[in-house]
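S.K.: A single structure is presented below for examination.
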Amino acid sequence: IEVLPHPEMDEPPDLTVCAGAPVSVVFSGPAGTTYTWENSNTAVGLAASGTGNINFNAAQVAQTEVATVSVIPHKAGCEGLPVEFEITVNPGPTVDEPPDITVCAGAPVSVTFSGTGTGHNWSNSNPAIGLAAGGTGNGINFTAANVAAAQTGTITVTPTGGTCPGYPETFTISVLPRPMVNPVANVTACAGSSVTVNFGGTSGAIFNWENSNPAIGLGVSGTGNLSFTAADVSGVQTATLTVTPVKDGCAG
C-alpha cells in the first residue's frame, strides 16, 4: 500500500493593480504539480475558473473590485489544500465620451470634458481642422480652419487625477468647406424683356438669393437660377441681388 502526500504550494501574495493593467501570477510548488483555481469576482476581468498560471488584463472598473482566488494544487492524483489570495483592481479617472462634431469652416468649436478626472490631456490626429496637435485642460475651444476640402480630426482625451491612469475616450471633429459662387456680371434689361441669370460655383451647391428691389419684377428672395420678365417700369429701377451658395448645411 503506497500512500501519497497531499501536494502543497507557495501562497501567492495579494495583488493591487490599476484598471487596465496586466496581471500575471505564477504558481510555485513541488515539481510536477499542476493547479486549478476559482475566482469569486469576475468583475476584476478574470474568468470564474481555470487551470495553470493566471494572466489577464484588469477590467476597466468603475469602482474598486476585489476578487478572492482559491488555488488547489494537484499531483499524482492527489489534491492539496486550497490556497487563497486577493486581487484588487482600482479604477482610474474617467471622461464621458464627447459626441462626434461636424462644423462649417470658420465656425467656433467648443467642447467641455466631464467625468471623474480632475484634468485632461488630449491629442488631435489632424491639425488641419484648426486645432493644435495636443494640449491639456477641461475642454477645447477653437475656430475651425477655412478648409478647401473636408477635414476630420480624431481627438483622444485621457483624464488625469488619482493614483491610477485614466482610460482614454475618442471622438471626431469634421470641418466642411464653405461652397463658392462664381461672380455674376451686372445685368441691364428693358422693361418687359426676359431676364435669365444662371449661377455656377461649387458642384452640388444650391444658390439662395435675395433681391433688394422687387420693383424690377423679381421676388424678394428665392433659390436657384433667375428667370423672370422685367417689370413695365416708368423710371429706371435698380436692384442689388445677393447670392449665397449652400452645401451640406454650410453657407458660402
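S.K.: Only one of Thr94, Thr68 is at pLDDT below 95, out of contact with any His (no Cβ under 8 Å at 6 or more places or on another chain), surrounded by fewer than 19 Cβ atoms within 10 Å (Cβ to Cβ) and of a type in the set (S, T, N, Q); which? Don't jump to the end; show me each part of the working.
M.R.: Values: Thr68 fails: at pLDDT below 95.
Sole residue among the options that is at pLDDT below 95, out of contact with any His (no Cβ under 8 Å at 6 or more places or on another chain), surrounded by fewer than 19 Cβ atoms within 10 Å (Cβ to Cβ) and of a type in the set (S, T, N, Q): Thr94.
S.K.: Name the residue that is most open to solvent (accessible area, probe 1.4 Å), counting only residues in region 180-219 that are part of a strand (DSSP E or B) and among the aliphatic types (A, V, I, L, M). First the steps, then the outcome.
M.R.: The first filter runs over region 180-219 and keeps only residues part of a strand (DSSP E or B), leaving 181, 194-197, 201, 206-211.
The next check asks that each one be among the aliphatic types (A, V, I, L, M); those that pass are 181, 195, 197, 206.
Numbers: Val181: 41, Val195: 13, Val197: 18, Ile206: 85 Å².
Filtering region 180-219 for residues that are part of a strand (DSSP E or B) and among the aliphatic types (A, V, I, L, M), the one most open to solvent (accessible area, probe 1.4 Å) comes out as Ile206.
S.K.: Take the residues in region 100-125 that are closer than 26 Å to Ser203 by Cβ and part of a loop (DSSP other than H, G, I, E, B), then tell me which one is nearest to the chain's Cα centre (by Cα).
M.R.: Asp100
S.K.: Now a separate question. Does Ala128 satisfy the criteria of being open to solvent by 20 Å² or more (accessible area, probe 1.4 Å) and either assigned to a strand (DSSP E or B) or hydrophobic (A, V, I, L, M, F, W, C) (or both)?
M.R.: Numbers: open to solvent by 20 Å² or more (accessible area, probe 1.4 Å): yes; either assigned to a strand (DSSP E or B) or hydrophobic (A, V, I, L, M, F, W, C) (or both): yes.
For Ala128, the condition - open to solvent by 20 Å² or more (accessible area, probe 1.4 Å) and either assigned to a strand (DSSP E or B) or hydrophobic (A, V, I, L, M, F, W, C) (or both) - is met.
S.K.: Oh, and also: Scan region 221-235 and give yes if some residue there is at positive phi and either in contact with a Gly (Cβ under 6 Å, 6 or more places away or on another chain) or surrounded by 17 or more Cβ atoms within 10 Å (Cβ to Cβ) (or both), otherwise no.
M.R.: No, region 221-235 contains no residue that is at positive phi and either in contact with a Gly (Cβ under 6 Å, 6 or more places away or on another chain) or surrounded by 17 or more Cβ atoms within 10 Å (Cβ to Cβ) (or both).
S.K.: Within region 148-156, identify whether any single residue is touching a residue at least 40 places away in the same chain (Cβ under 8 Å) and either open to solvent by 20 Å² or more (accessible area, probe 1.4 Å) or not hydroxyl-bearing (Ser, Thr, Tyr) (or both), and answer yes or no. Steps first, answer last, please.
M.R.: Just the residues of region 148-156 that are touching a residue at least 40 places away in the same chain (Cβ under 8 Å), to begin with: 155.
Applying the additional criterion that residues be either open to solvent by 20 Å² or more (accessible area, probe 1.4 Å) or not hydroxyl-bearing (Ser, Thr, Tyr) (or both) yields 155.
The answer is yes; a qualifying residue exists.
S.K.: With the structure loaded, tell me whether Gly45 is within 30 Å of Ile155 (Cβ to Cβ), of a type in the set (Gly, Ala, Ser), surrounded by 15 or more Cβ atoms within 10 Å (Cβ to Cβ) and out of contact with any Cys (no Cβ under 8 Å at 6 or more places or on another chain) or whether it fails that test. I'd like the intermediate steps shown before the answer.
M.R.: On the way: within 30 Å of Ile155 (Cβ to Cβ): yes; of a type in the set (Gly, Ala, Ser): yes; surrounded by 15 or more Cβ atoms within 10 Å (Cβ to Cβ): yes; out of contact with any Cys (no Cβ under 8 Å at 6 or more places or on another chain): yes.
The answer is yes for Gly45.
S.K.: Across region 220-234, which residue is nearest to Lys247 (Cα to Cα) among those that are part of a loop (DSSP other than H, G, I, E, B) and small (Gly, Ala, Ser)? Explain how you work it out, then say what you get.
M.R.: Of region 220-234, the ones part of a loop (DSSP other than H, G, I, E, B) are 220, 224-225, 230-234.
Within this subset, residues satisfying the condition of being small (Gly, Ala, Ser) are 224, 230-231, 234.
Working: Gly224: 13, Ala230: 30, Ala231: 32, Ser234: 40 Å.
Ranking the qualifying residues of region 220-234, first place goes to Gly224.
S.K.: Another question about this same structure. Pro5 - would you say it is in a loop (DSSP other than H, G, I, E, B), in contact (Cβ under 8 Å) with a residue 12 or more places away in the chain and within 29 Å of Pro91 (Cβ to Cβ)?
M.R.: Numbers: in a loop (DSSP other than H, G, I, E, B): yes; in contact (Cβ under 8 Å) with a residue 12 or more places away in the chain: yes; within 29 Å of Pro91 (Cβ to Cβ): no.
It is false that Pro5 is in a loop (DSSP other than H, G, I, E, B), in contact (Cβ under 8 Å) with a residue 12 or more places away in the chain and within 29 Å of Pro91 (Cβ to Cβ).
The values are calculated or read from the model by the stated rules, or taken from the named source; none is laboratory data. Predicted model only: the values in this text are computed from it and were never measured. Every residue, glycine among them, receives a Cβ derived from its backbone with ideal geometry; neighbour counts consider all protein chains shown. Heads up: the accessible areas ignore ligands, DNA and RNA and are worked out on the full protein's heavy atoms, side chains in. Shrake-Rupley method; radii C 1.70, N 1.55, O 1.52, S 1.80 Å.
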